[in-house]
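Written below as structure tokens is the structure these notes are about.
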Amino acid sequence: MNVFRLSGDVAHLIAIIILLLKIWTSRSCAGISGKSQILFAVTFVARYLDLFTNYVSIYNSVMKIVYLLASFGTVYLMYMKFKATYDHNHDTFRLEFLILPAIALSLIINHDFAVIEVFWTFSIYLESVAILPQLFMVSKTGEAESITSHYLFALGSYRALYIVNWIYRYYMEGFYDMIATLAGIVQTVLYCDFFYLYITKVLKGKKLQLPA
């Protein structure tokens, strides 16, 4: 654990809290991609299959449980409790275009061809592109509410901070994970255009608009 890893986890938790508060307080999931939330739920299930078999620390176990519960809770709110507010018409990204390549890559490029390891690798690949349906949805509608923008910025910050964490660990501990690092870079790159617009518009009080 280091300050960059901890900061990344905090940013991730902030993103989750922003999203859940947005849905609960507004009683609406308008502007949120349910497909991205499904991908995040699948990501955490695949990654934390070792929850009860591989104990690292209380912090590690608690965070795994929080991510699982939050992802399932978000999917429930969107597809059950507030499903009438869910924008099916704009959330049209085809999930098989992301899931199938992630499965193929995890079977071909992994650290060890073992069940838990392949599922972990699959989760890394899938998480790197899980935000695409959300960004695609924002692009289709042409704009995003400020609260949705804050959620996306916090989520992107989490991945950017994890890249710094991996760099730190490489120089301080000699630890290097090519799969996690490259996937993290891909994910962060996907946010770059959004980061620019967020800093130049949202933080100045303007509505964020993306080209359709």
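Here, each number is a calculation from the coordinates, and none is a lab measurement. Since the structure is predicted, the reported quantities are computational estimates derived from the model, not experimental observations. We place every Cβ from the backbone using ideal geometry, glycine too, and count neighbours over all the protein chains shown.
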Can you tell which of THR74, THR141, THR188 shows the greatest fluctuation in a Gaussian network model of the chain with Cα springs below 10 Å? THR141
The range 32-48 - phi-based ³J(HN,Hα) in whole Hz, Karplus 6.51/-1.76/1.60, Gly and Pro as x: 9, 7, x, 5, 5, 5, 5, 5, 5, 5, 5, 4, 5, 4, 5, 6, 9
Give, as a single signed number, the net charge of other residues whose beta carbon lies under 11 Å from the beta carbon of ARG169, with Lys and Arg counted +1 and Asp and Glu -1. -1
Looking at VAL118, PRO133, VAL45, which one has the Cα that reaches farthest to the positive end of the dipole of the chain (charges on Cβ: Lys, Arg +1; Asp, Glu -1)? PRO133
Quote the Stokes-Einstein diffusion coefficient, in whole µm² s⁻¹, for the chain, based on the Kirkwood radius over alpha carbon pairs, a temperature of 25 °C and a viscosity of 0.890 mPa s. 138 µm²/s
Here FRET efficiency (C-beta to C-beta, TYR168 to THR53, R₀ 30 Å, nearest 0.05) is 0.60
Estimated dipole of the chain in Debye, rounded to 20 [Cβ of Lys and Arg +1, of Asp and Glu -1, Cα centre]: 760 debye
Report the full-extension gain for the segment ILE116 to SER139: residue separation times 0.36 nm, less the Cα-Cα distance, to one decimal in nm. 4.7 nm
Springs between alpha-carbon atoms under 10 Å, Gaussian network over the chain: tell me which of SER128, SER57, SER139 tops the mean-square fluctuations. SER57
Spin-label point model (7 Å from Cα, Cβ direction): what's the LEU68 to ASN89 distance in nm? 3.9 nm
Ellipticity estimate at 222 nm from DSSP helix runs (n ≥ 4, -39,500 (n - 2.57)) divided over the chain, nearest 500: -23500 deg cm²/dmol
Please identify, among ARG47, ARG159, ARG27, the residue showing maximal mean-square fluctuation in a Gaussian network model of the chain using a 10 angstrom Cα cutoff. ARG27
